[in-house]
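The values are calculated or read from the model by the stated rules, or taken from the named source; none is laboratory data. All figures in this text were calculated on a predicted structure; none of them were measured in a lab. Ideal geometry is used to build each Cβ from the backbone, glycine not excepted, and the neighbour counts take in all protein chains shown. Remember, those area values only see protein heavy atoms, side chains included, never the ligands or the DNA or RNA. Shrake-Rupley method; radii C 1.70, N 1.55, O 1.52, S 1.80 Å.
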Amino acid sequence: MIIAIVNIKGGVSKTTSAVALACVAHASGHAVRVLDADPQGSARKWAQVAVRANTPLPFEVSPANVATIRALRDDDTCVFVDLPPTGQIVDEAIGVASFVVVPTSPAPIDLAKTLEVVDVLESQGKLYGVLLTRVVPRTLSARQAVMTLADVSLFDTCIPKREGVVNMFGKPFGCEFFGYDRVFTELVDALTE
């Protein structure tokens, strides 16, 4: 299973989503790898900080380029690809992905950019799900975001805006997955339908 984490908008929790979903997949008994295709290297930095804190991530996080992505095969390993906002590597990852996760916050600019990504994915017939992150439940912005995304493939689960999520950087997600466990279940269900 190859899961591309994509959005042309930065700061929407792509890296957090990639690492969290990889931790859930590992906890569910899957073999897991994370490919960090973003030049910023945030997923690799996350793994390095975790090693220095003696709490290493339970899977490999390695750099990726276009050739690495092209060489991917859909096998028994869950591969999560953390991507930059744009570039050929994003196109390649979308092309080989079994499923594309599109994280976004409920901010109007983030939603506008997300809908641009959705248009591309739908034009290519890709299986995808938009994931609302940094959501404050029962707020006007949360309700408006759900209404804005009413006509797209949207995960039922939203990731809350919580200090616990922010503070996971450099640590493996463990007992608390902040909803990413339910997102992973929805993702697997979508792939088996």
> In region 47-64, which residues are open to solvent by 80 Å² or more (accessible area, probe 1.4 Å) and in a helix (DSSP H, G or I)?
Replying inline: GLN48, VAL51, ARG52
>> Can you pull out every residue in region 55-64 that is in contact (Cβ under 8 Å) with a residue 40 or more places away in the chain and not hydrophobic (A, V, I, L, M, F, W, C)?
In response: THR55, PRO56, PRO58
> If you check PHE169 against the conditions, is it touching a helix residue (DSSP H, G or I) at 6+ places or on another chain (Cβ under 7 Å), exposed (fewer than 15 other Cβ atoms within 10 Å of the Cβ) and touching a residue at least 40 places away in the same chain (Cβ under 8 Å)?
Replying inline: yes
> When you go through ARG44, ARG33 one by one, which is the residue that is surrounded by fewer than 20 Cβ atoms within 10 Å (Cβ to Cβ), touching a Cys at 6+ places or on another chain (Cβ under 9 Å) and among the basic types (Lys, Arg)?
Replying inline: ARG33
>> Checking the conditions here, which among ALA22, ALA97, ALA18, ALA93 is more than 22 Å from ILE159 (Cα to Cα), surrounded by 24 or more Cβ atoms within 10 Å (Cβ to Cβ) and out of contact with any Leu (no Cβ under 7 Å at 6 or more places or on another chain)?
In response: ALA97
>> Suppose the filter is touching a Lys or Arg at 6+ places or on another chain (Cβ under 9 Å) and either among the acidic types (Asp, Glu) or loosely packed, with under 14 Cβ neighbours inside 10 Å (or both); does VAL136 pass it?
In response: yes
> Pairs, please: C-beta under 8 Å, at least 6 apart or cross-chain, first residue part of a loop (DSSP other than H, G, I, E, B) and in region 65-88, second open to solvent by 50 Å² or more (accessible area, probe 1.4 Å) and among the hydrophobic types (A, V, I, L, M, F, W, C)?
Replying inline: ASP76/ALA31; PRO85/ILE8; THR86/ILE8
> Right, VAL102: in contact with a Pro (Cβ under 9 Å, 6 or more places away or on another chain) and either assigned to a strand (DSSP E or B) or surrounded by fewer than 17 Cβ atoms within 10 Å (Cβ to Cβ) (or both) or not?
Replying inline: no
> Does ILE109 satisfy the criteria of being open to solvent by 70 Å² or more (accessible area, probe 1.4 Å) and either in contact with a Cys (Cβ under 7 Å, 6 or more places away or on another chain) or aliphatic (A, V, I, L, M) (or both)?
Replying inline: yes
>> Among the residues in region 65-75, are any within 16 Å of PHE173 (Cα to Cα) and either surrounded by fewer than 24 Cβ atoms within 10 Å (Cβ to Cβ) or of a type in the set (D, E, K, R) (or both)?
In response: no
> How many residues are in a loop (DSSP other than H, G, I, E, B) and either under 21 Å from THR55 (Cα atoms) or modelled with pLDDT of 95 or more (or both) when one looks only at region 152-175?
Replying inline: 16
>> Please go through (1) more than 17 Å from VAL101 (Cβ to Cβ); (2) surrounded by 13 or more Cβ atoms within 10 Å (Cβ to Cβ); (3) touching a strand residue (DSSP E or B) at 6+ places or on another chain (Cβ under 9 Å); (4) not hydroxyl-bearing (Ser, Thr, Tyr) for VAL79 and return the number of the only condition it doesn't satisfy.
In response: (1)
